[in-house]
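Below: one structure, written as structure tokens.
The values are calculated or read from the model by the stated rules, or taken from the named source; none is laboratory data. A quick note: this is a predicted structure, and the numbers were derived from the prediction, not measured. When we count neighbours, we look across all protein chains shown, and the Cβ atoms used for this are built from the backbone with ideal geometry, even at glycine.
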Amino acid sequence: MILSMLENGVVIKKVCEVTDFDDTCNVLCVGAGSAGCYAADSAARQGASVILLEFGDNIGGMSVCGNVTGYYYGACGGSYEEDDQKNKADTVFLTNGKHWEQRQIRLTERLLKSGVKVLCRHSVIGLYFEDNRIIGVLAFDGKREFSIKADITIDATSDGHLIRMTDVKKYYGRPSNGSFVPFGVIIKYTKNGRLLGHNNDSGIMDHYNCKDFSAKTIIAHADLSHILEEEIVNCALHTGVREGLSYEGEDTLKHEDLLFGKCSDKVLYWAYSDLDRHGNLRAAEDDIFQNWFVISNLSTVVISIPVSLGSVVPKNIKGLVTAGRCLSFDTYIQSAVRMNRDMIRMGECVGVAAAMAALSGVDFLDIDYEKYLMQVKENGCFGNYSHITFAFDNSYKRYLDKMKALGRIPDKKYENLALNKSIYEPLNFDADKVFHLLKTDAPGVAIWSCYISPKRDMIKTRLYNEMINTDDVLYKYNCAIALGLVEDKKALPVLRDIVKNRDCFFFTDNRRSNQFRSAIALCLIGRLGTTEDLPLLFDILSAEEIERQMYHTLQPNYLYHTYDDRNFVYFVMLTYACMAIYKIYERCNLDMKQLHDFFCDLFNGDTVLKRIVEDRTDSPAEEETKEFVEYILRLTDYN
């Protein structure tokens, strides 16, 4: 038997022999957040003996201890709906039933009723292996170490505490530079008799680095000093971390598979969200994500996401599965599959499957899948989908309709965002049927449809003919963008015109995160351009560029940028111009040392930084700018 432990971030293995475990169970669940609690409960309701370990003082996770009480996206269904209805009936001053303390009470009642043994203030410090199978854990309660044997162990810690003790391959953050999505600090306070919450992006940190975690959370809390004028009701005990590590699983869900409609034969459950990676450094994302989020401007398209059985099982390891934020996904899918409802439903589904495996004496992936489907569909936690769907789902329209039904006055800022928008608009990606959208300021669906069309040669011909024969500038520019996305260099003359005539025009497909047309053109020139384009691109990096009116025209607006923390148009144009120059240098085998030296001179001192953030120091904008500078210097490093 091998005991695998984590010491200073390194996996340490020791030969040991445990003849008599201190406790045993069918299913051991580690982590009592939403996913862990509902996993433990559903496994127990299937007849399994279950132990739930939690390192904190109480159960709950982000929905209880993190002040994330509402629901954004995530599909409906499952046990949590019953709990919410009970909470709604029992809560006096929060009639939506989403009070954090009430949720904790309801979860406790649920676990007691199903017979789960709950152990708070307990940490797992080691995993017991027999060959490649985990048969139990070594735990610590602050005073003593003790062993627990389990048929199946669920890592529901969200940060992959158990996964980190294994040799499975692990991944952290964005592929290009390892950066995680921004975290948030969440505070509840009252103002004018209303309970409000603060949940902005608070910066970028590596929460696996103790020093970085401490420093960034202190700065983030200090930045909330303006809220101290109000009456603070609750400051979250847990920091709002949106992304944990991912790992190599028996199946890995990637965003390119999702966007092209590929689906596993064995779906654990269906999640529901947009690909919301937060942050603003889109110039550093990979090409497929840029094609979707930036060039096609489809940031708020909501997707039904098939989470496979294999994506919660670490590769070549038996007896261990995950539930929560640590999964075998790429960073873009991980940013989507993290909503409260989806985390709860995932836990419930994992619990059902884990109990079936433990009680049947088979591996997690070898359960009777048809029997599993029947059970989770009966429970309501599977999701009402049979294939991948894409749609605009307007939460603001839902909000306005709800306020109207309740006879309340809605928040003014949401009225314009919901204007003339349907609540749910399923999307058709047939290029012939949506081609007309290229004549509008919301061409995203048409652009993506051209990109994925199986009739690419015909699409290229049509786009080119329309581009050169129209006098409609909007239509011409949109055709050029679509033509550039299908990798036709004949789009370059018009793309260059867009950049030469650059402005702050942005598309309007989405209720937020709409992209600037000039930045899209820069992105495509970086992929298709030649040395001929370099003078135009370097011009954007000149000191005179910031004087252009386009950088001083737009007021902060949720339609294109969420926060007033930077000169956002300039930040976007600068980062895309730098990346376009780098890509042309790389593709054309130009002198990378020369480019690296240029960037070193450009970013030496704080001149460029001040153009972006002005006097807003220690802000997410400053951090993101410094992150980009480090990234571009590393890319061009010739050593």
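Brief remarks on what is shown
- Tyr128 being of a type outside the set (Lys, Arg), within 24 Å of the chain's Cα centre (by Cα) and either farther than 18 Å from Thr24 by Cβ or at pLDDT 95 or above (or both): no
- Restricting region 229-276 to residues that are part of a loop (DSSP other than H, G, I, E, B) and over 26 Å from Glu348 (Cβ atoms), the residue that is modelled with the lowest pLDDT: Glu230
- Residue in region 153-173 that is aliphatic (A, V, I, L, M), modelled with pLDDT of 85 or more, crowded, with 17+ Cβ neighbours inside 10 Å and part of a strand (DSSP E or B) present: yes
- Counting only residues that are free of Cβ contacts under 8 Å to residues at least 12 places away in the same chain and either in the same structural domain as Ala521 (by TED's automatic domain parsing) or not in a helix (DSSP H, G or I) (or both), region 435-489 holds 3 of them.
- Scoring Leu224 on the criteria (1) modelled with pLDDT under 80; (2) hydrophobic (A, V, I, L, M, F, W, C); (3) assigned by TED's automatic domain parsing to the domain that holds Ile333 leaves a single failure, condition (3).
- Boolean, Asp503 is assigned to a helix (DSSP H, G or I), of a type in the set (Asp, Glu), surrounded by fewer than 24 Cβ atoms within 10 Å (Cβ to Cβ) and in contact with a helix residue (DSSP H, G or I) (Cβ under 6 Å, 6 or more places away or on another chain): no
Residues are listed down the side, and each one gets a yes or a no for (1) among the aromatic types (Phe, Trp, Tyr); (2) under 19 Å from Ile388 (Cα atoms):
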{"residue": "Phe429", "(1), (2)": "yes, yes"}
{"residue": "Asp441", "(1), (2)": "no, no"}
{"residue": "Ala446", "(1), (2)": "no, yes"}
{"residue": "Tyr451", "(1), (2)": "yes, yes"}
{"residue": "Ile459", "(1), (2)": "no, no"}
{"residue": "Leu463", "(1), (2)": "no, no"}
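- Yes/no for Ile520 being more than 20 Å from Phe289 (Cβ to Cβ), in contact (Cβ under 8 Å) with a residue 40 or more places away in the chain, out of contact with any Cys (no Cβ under 7 Å at 6 or more places or on another chain) and crowded, with 17+ Cβ neighbours inside 10 Å: no
- Matching option when the condition is farther than 20 Å from Thr331 by Cβ and touching a strand residue (DSSP E or B) at 6+ places or on another chain (Cβ under 7 Å), among Asn199, Asn192: Asn199
- Yes/no for Leu554 being out of contact with any strand residue (DSSP E or B) (no Cβ under 8 Å at 6 or more places or on another chain), under 22 Å from Asp201 (Cβ atoms) and of a type in the set (A, V, I, L, M): yes
- Subset of region 547-569 that is farther than 17 Å from Lys610 by Cα, in a loop (DSSP other than H, G, I, E, B) and of a type in the set (S, T, N, Q) - its residue that is modelled with the lowest pLDDT: Thr562
- Condition check for Asn234: over 24 Å from Arg616 (Cβ atoms), free of Cβ contacts under 8 Å to residues at least 24 places away in the same chain and over 16 Å from the mean Cα position of the chain (by Cα): no
- If you go through region 471-489 and keep only what is more than 16 Å from Cys523 (Cβ to Cβ) and crowded, with 16+ Cβ neighbours inside 10 Å, you end up with Tyr475, Lys476, Cys479.
- Failed condition for Ile288, given (1) in contact (Cβ under 8 Å) with a residue 40 or more places away in the chain; (2) surrounded by fewer than 21 Cβ atoms within 10 Å (Cβ to Cβ): (1)
- Scanning region 30-39 for residues that are in contact with a Ser or Thr (Cβ under 8 Å, 6 or more places away or on another chain) and within 13 Å of Ala355 (Cβ to Cβ) turns up just one, Tyr38.
- Note on region 326-406: enclosed helices (runs of 4 or more DSSP H) holding 2 or more residues that are over 18 Å from Tyr71 (Cα atoms) and modelled with pLDDT of 95 or more are 340-360, 369-379.
- Criterion (more than 14 Å from Cys37 (Cα to Cα), among the polar types (S, T, N, Q) and in contact with a Phe, Trp or Tyr (Cβ under 7 Å, 6 or more places away or on another chain)) met by exactly one of Ser335, Ser311: Ser311
- Residues in region 287-325 that are among the charged types (D, E, K, R), over 30 Å from Pro443 (Cα atoms) and not in a loop (DSSP other than H, G, I, E, B): Lys318 alone.
- One residue alone among Lys216, Lys254 is basic (Lys, Arg) and closer than 30 Å to Asp368 by Cα, and that residue is Lys254.
- Only one of Gly261, Gly249 that is at positive phi and not assigned by TED's automatic domain parsing to the domain that holds Tyr73: Gly261
- Filtered residues of region 449-499 (kept if under 19 Å from Phe429 (Cα atoms), among the hydroxyl-bearing types (Ser, Thr, Tyr) and within 32 Å of the chain's Cα centre (by Cα)): Ser449, Tyr451, Ser453
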